[in-house]
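Peer 1: Sharing a structure with you now.
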Amino acid sequence: IPFLTLEKAKEIREQIPTPFYVYDEAGIRANARLLKAAFSWNPGFREYFAVKATPNPFLLKILHEEGCGCDCATATELTLASACGVRGERIMLSSNDTPDEDYRRARDLGAIINLDSLDMVDCLSRALDGKLPAMVCLRVNPGGNFTASNGIIGEPEDSKFGMTVDQVMEAARRLSAMGVTEFGLHAFLASNTQVEDYYPRLARVLFELAVRLSRELDVHVRLVDLS
């Protein structure tokens with residue numbers, strides 16, 4: 001059932017020139033609350049909305065009011081999130097080919113920084129003059145084929161994003177030597193999948209890696225899955 005009637009659309013058209021977007025605030029809030037309720041068993045759960053999907057400050061404020069964080073890819077998105085009242089670890093910088101200024105902006109905001117590749121460890125250290133945050137997130141790509149009930153939903157080995165498990169271990173070793181004491185794990189193997197067994201299978205990969213990191217490096221690990 002459309003939330004907007006034809007009559008209301010015509011009324012808006014008389015006030016605002018086309019084209020324009022009309023958003024269903026009640027629907028957005030309801031869905032955010034349903035998602036939060038679905039994960040209420042986990043007191044540490046937080047949804048991070050991808051700012052690049054809809055960089056609209058009004059929507060970001062609504063989602064922030066519903067407890068969501070912001071997943072940012074650029075310094076501009078970091079600034080937008082901050083301007084909407086989002087603070088600290090409710091912001092995440094997850095990007096590629098990241099300029100030094102973006103790392104510094106994320107640090108200044110207290111955001112979680114997610115590294116996409118092993119070489120980004122040195123990039124982060126250089127950008128922050130060796131003064132790294134206590135917590136850094138690492139993106140893992142387990143490689144191979146990732147199968148689900150509907151067959152193969154992706155071939156991570158063909159993706160240019162994320163580190164192999166061995167690279168994640170090496171990145172964590174280097175970062176730990178630089179003073180990082182806590183790590184997040186992130187994986188993004190499929191976009192907009194509705195295959196139910198994708199999520200528990202990916203969760204197993206992340207949990208097993210978390211256990212390995214904890215045992216071998218004696219560090220604290222959080223799971224940060226943005227898929």
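Peer 1: Consider only pairs whose beta carbons are under 6 Å apart and that are at least six residues apart or on different chains; among these, list those whose first residue lies in region 55-83 and is closer than 16 Å to residue 94 by Cα and whose second residue is among the polar types (S, T, N, Q).
Peer 2: Cβ pairs passing all conditions: 71/94; 73/95.
Peer 1: While we're on this one: What single numbered condition from (1) in contact with an Asp or Glu (Cβ under 6 Å, 6 or more places away or on another chain); (2) closer than 17 Å to residue 66 by Cβ fails to hold for residue 3?
Peer 2: Among (1) in contact with an Asp or Glu (Cβ under 6 Å, 6 or more places away or on another chain); (2) closer than 17 Å to residue 66 by Cβ, the lone unmet condition for residue 3 is (2).
Peer 1: If you check 47, 101, 89, which single one turns out to be within 26 Å of residue 26 (Cα to Cα) and of a type outside the set (Val, Ile, Thr)? Steps first, please.
Peer 2: Working: 101 fails: within 26 Å of residue 26 (Cα to Cα); 89 fails: within 26 Å of residue 26 (Cα to Cα).
That would be 47, the only listed residue that is within 26 Å of residue 26 (Cα to Cα) and of a type outside the set (Val, Ile, Thr).
Peer 1: If you don't mind, there's one more thing I want to ask. Checking residue 189 against (1) open to solvent by 30 Å² or more (accessible area, probe 1.4 Å); (2) modelled with pLDDT of 95 or more, which single condition isn't satisfied?
Peer 2: (2)
Peer 1: Something else about it: Would you mind listing the helices (runs of 4 or more DSSP H) fully within region 24-143 where at least 3 residues are open to solvent by 40 Å² or more (accessible area, probe 1.4 Å) and under 30 Å from residue 5 (Cα atoms)? Break it down stepwise before answering.
Peer 2: Details: elements: 25-38, 57-65, 75-83, 100-109, 120-127.
In region 24-143, 25-38, 57-65 are the helices (runs of 4 or more DSSP H) which contain 3 or more residues that are open to solvent by 40 Å² or more (accessible area, probe 1.4 Å) and under 30 Å from residue 5 (Cα atoms).
Peer 1: Any residue at all in region 149-163 that's in contact with a Cys (Cβ under 6 Å, 6 or more places away or on another chain) and either under 21 Å from residue 89 (Cβ atoms) or at pLDDT below 85 (or both)? Spell out how you get there, then give the answer.
Peer 2: Taking region 149-163 and keeping what is in contact with a Cys (Cβ under 6 Å, 6 or more places away or on another chain), we get none.
Within region 149-163 (the criterion being in contact with a Cys (Cβ under 6 Å, 6 or more places away or on another chain) and either under 21 Å from residue 89 (Cβ atoms) or at pLDDT below 85 (or both)), the answer is no, since none of the residues qualifies.
Peer 1: Those residues that are surrounded by 10 or more Cβ atoms within 10 Å (Cβ to Cβ) and in a helix (DSSP H, G or I), I need them from region 1-23; list them, please.
Peer 2: 8, 9, 11, 12, 13 - these are the residues of region 1-23 that are surrounded by 10 or more Cβ atoms within 10 Å (Cβ to Cβ) and in a helix (DSSP H, G or I).
The values are calculated or read from the model by the stated rules, or taken from the named source; none is laboratory data. For clarity, every value in this text was computed on a predicted model and none was experimentally measured. Glycine also receives a Cβ, built like all others from the backbone with ideal geometry; neighbour counts cover every protein chain displayed. Just the protein is used for accessible areas: all its heavy atoms, side chains included, with ligands, DNA and RNA removed. Shrake-Rupley method; radii C 1.70, N 1.55, O 1.52, S 1.80 Å.
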